Amino acid sequence: MSEINNITEENKKSLNFIEVIVEKDLAEGKNDRRIQTRFPPEPNGYLHIGHAKAICIDFGIAQKYGGICNLRFDDTNPVKEDVEYVDSIMEDIKWLGYEWGNVYYASDYFPRLWDFAVELIKKGKAYIDEQSAEEIARQKGTPTQAGTESPFRNRPVEESLSLFQKMNTGEIEEGKMVLRAKIDMASSNMHFRDPIIYRVINHPHHRTGTTWKAYPMYDFAHGESDYFEGVTHSICTLEFVVHRPLYDWFIEELRTDGYRPNQYEFNRLNLTYTVMSKRKLLQLVKENLVTGWDDPRMPTICGYRRRGYTPESIHKFIDKIGYTKYDGVIDVSLLEYAVREDLNAKAPRISAVLDPVKLIITNYPEGKVEMMEAINNPEDESMGSHEIEFTKELYIEREDFMEDAPKKFFRMTPGQEVRLKNAYIVKCTGCKKDENGIIQEIYAEYDPMTRSGMPESNRKVKGTLHWVSAEYNIQAEVRLYDRLFNVENPNEDKDKDFRELLNPDSLKVLTNCRMEKFVVTAKAYDNFQFQRLGYFNVDPDSKSGKLIFNRTVSLKDSWSKIVKNEN
RNA sequence: UGUCCCAUGGUGUAGUGGUAGCACAUCUGAUUUUGGUUCAGCCAGCCUAGGUUCGAGUCCUGGUGGGACAACCA
């Protein structure tokens, strides 16, 4: 107990509103001071960054206050669900670093939910409606107009009871019959206008097979499942606020003791340049517009994982955005900042050249090879160093050279000294062009006294270039992955086909690069001609050593601005 | 012509009724063998009108603006 108090003292100022509620409940001794949450995904798709926010609060609350968080699959609609999704969801939660107490399935509660439904019928609080979906919808009214009662609303209890049995035997066709709670067709809350709680679905369930024909609806299953499990704090997103009175209504009908779960809602995550709708993400996968749920451009947990994001970076991001009831849109640059911050400390650096042009050190001996030491990570000495070969002929990035450069161009241009990283200071003496004016070779002279580590190497030069030996290098296919969408808010215009807003396919470049095995940083270019620094991530699914250029964690494109200003 | 939720710099978030902080983004400067990092700094905010109060971002009321709700989805 004292431990909990200490935690709360320390974090008092940064408590989010859910934590405030939990602490108040704890202080009041609610539910015997027990804290239990649940993460309840429907297994109908892969988890995305929005789910990460829910996961962090569900598991985080349990962790922080000494409670447990269970994983529950809300599998009440067999048509959309699949074990593939169950497996991926578990994998992604584990990758984020969380452990659930138990794994539950709403489908485990089908018998108890059935009994509860029968009880409601017997109490006269539920009835079988034999109208069509259209008729029921029509009678529902609108938010500003009361609904009208179904002609079946007051049928005898026994009749409903026997029809309900038939709903589950297969003799009732889909859509011919539903079970409805009898509440209030004139309620200002649409969810109270005799909500449907059971419907017939003739589709095998991924866990219960063909045992059931009648399946409970979300509203009838969720709160009840919370109650069965002993959940104390049922945390979900804002769109369920209007469901809460119904959640409470069912709980009151169901509960037999002092305990009851309570629902609390927080704001869903919206990110610029990002579509989070599962339906749309599924569409991208099905239409092969991406390579799969784990395509590095996807906002899925596994997509980010393949892209090189760490679990820690996701946590940092979620910590920064907080939990409130305000519906906003978070700038994706905050996510990118969190990733850079984390990767900057961890990522080993290597040099790479994506668009090579030959640089010849004219006064360097033919055939000579020197081994240069390159620090793996300037932020972390313990990561050591690696050696790279320096030779007379090198490759540098084509855009690291300009024949007629503006003043603020700090890289290679005739007459200007630059440093070749980890090697010598060189001075450009000229270049050779073909008939079209395309640069073929660049010439420079090196100063032998300026090798890294020697006293002369401390001379100040404005630019430092990455380079690769023309003789000793490794070629790899590099993919430049951009943001999936090229507009700030692809959700804005709902009538527009969101697929039109997709960025064109990733750019594939054959390049010379020298690389270490894992996550590395390197100088590179994106396909918008902005020089950037970015993080490479070796695609773990690729045996051929492909690199994924992590464009969205790329750094400031200051060079592009310099050019704009100068011209 | 309904019910419910929400409103603090460009963005996101803190603020027991008592000096409105923080982060991202932008911009400026310093350091730097990554135009990265790091450091310093600039710019910029309580939707509105009343009320309660010695004192309101905070409490109350009315506006205004945004969002949710009319699936046999979750």
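The values are calculated or read from the model by the stated rules, or taken from the named source; none is laboratory data. Given the structure is predicted, the values throughout are model-derived calculations rather than measurements. When we count neighbours, we look across all protein chains shown, and the Cβ atoms used for this are built from the backbone with ideal geometry, even at glycine. Quick note on the areas: whole protein, heavy atoms, side chains included, nothing else; ligands and nucleic acids left out. Shrake-Rupley method; radii C 1.70, N 1.55, O 1.52, S 1.80 Å.
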Given the criterion near RNA strand B (Cβ under 9 Å from one of its atoms), crowded, with 18+ Cβ neighbours inside 10 Å and of a type in the set (Val, Ile, Thr), identify the matching residue among A:Thr310, A:Thr272. A:Thr272
The conditions are (1) within 29 Å of A:Phe17 (Cβ to Cβ); (2) near RNA strand B (Cβ under 10 Å from one of its atoms); (3) among the aliphatic types (A, V, I, L, M); (4) part of a strand (DSSP E or B), and A:Ala221 fails exactly one of them. Which is it? (4)
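I'm trying to understand the selection: among the residues of region A:321-344, which are of a type in the set (A, V, I, L, M), in a helix (DSSP H, G or I) and either near RNA strand B (Cβ under 6 Å from one of its atoms) or out of contact with any helix residue (DSSP H, G or I) (no Cβ under 9 Å at 6 or more places or on another chain) (or both)? Spell out the reasoning first.
Start the filter on region A:321-344 by keeping residues that are of a type in the set (A, V, I, L, M), which leaves A:321, A:329-330, A:332, A:334-335, A:338-339, A:343.
Checking the rest, the ones that are also in a helix (DSSP H, G or I) come to A:321, A:332, A:334-335, A:338-339, A:343.
Within region A:321-344, A:Ile321, A:Leu334 meet the criteria.
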Can A:Ile318 be described as outside any loop (DSSP other than H, G, I, E, B), β-branched (Val, Ile, Thr) and touching a Pro at 6+ places or on another chain (Cβ under 8 Å)? no
Those residues that are open to solvent by 70 Å² or more (accessible area, probe 1.4 Å) and over 35 Å from the mean Cα position of the chain (by Cα), I need them from region A:395-410; list them, please. A:Glu403, A:Asp404, A:Lys407, A:Lys408, A:Phe410
Number of the condition not met by A:Arg297 [criteria: (1) at pLDDT 95 or above; (2) touching a strand residue (DSSP E or B) at 6+ places or on another chain (Cβ under 6 Å)]: (1)
Could you list, in sequence order, all residues of region A:124-152 that are in contact (Cβ under 8 Å) with a residue 12 or more places away in the chain, surrounded by fewer than 17 Cβ atoms within 10 Å (Cβ to Cβ) and hydroxyl-bearing (Ser, Thr, Tyr)? A:Ser132, A:Thr148
Test for A:Ile251: is it crowded, with 18+ Cβ neighbours inside 10 Å, within 23 Å of A:Asn486 (Cα to Cα), modelled with pLDDT of 95 or more and of a type in the set (A, V, I, L, M): no
Considering only region A:112-155, how many residues are near RNA strand B (Cβ under 8 Å from one of its atoms), outside any loop (DSSP other than H, G, I, E, B) and touching a helix residue (DSSP H, G or I) at 6+ places or on another chain (Cβ under 7 Å)? 1
Taking the residues in region A:359-394 that are more than 15 Å from RNA strand B (Cβ to nearest atom) and open to solvent by less than 50 Å² (accessible area, probe 1.4 Å) as candidates, determine which candidate is nearest to A:Ile439 (Cα to Cα). A:Leu359
So which pairs qualify, if the first residue must be in region A:192-210 and over 21 Å from A:Arg112 (Cβ atoms), the second must be surrounded by 21 or more Cβ atoms within 10 Å (Cβ to Cβ) and at pLDDT 95 or above, the Cβ gap must be under 6 Å, and the two must be at least 6 apart or on different chains? A:Asp194/A:Arg180
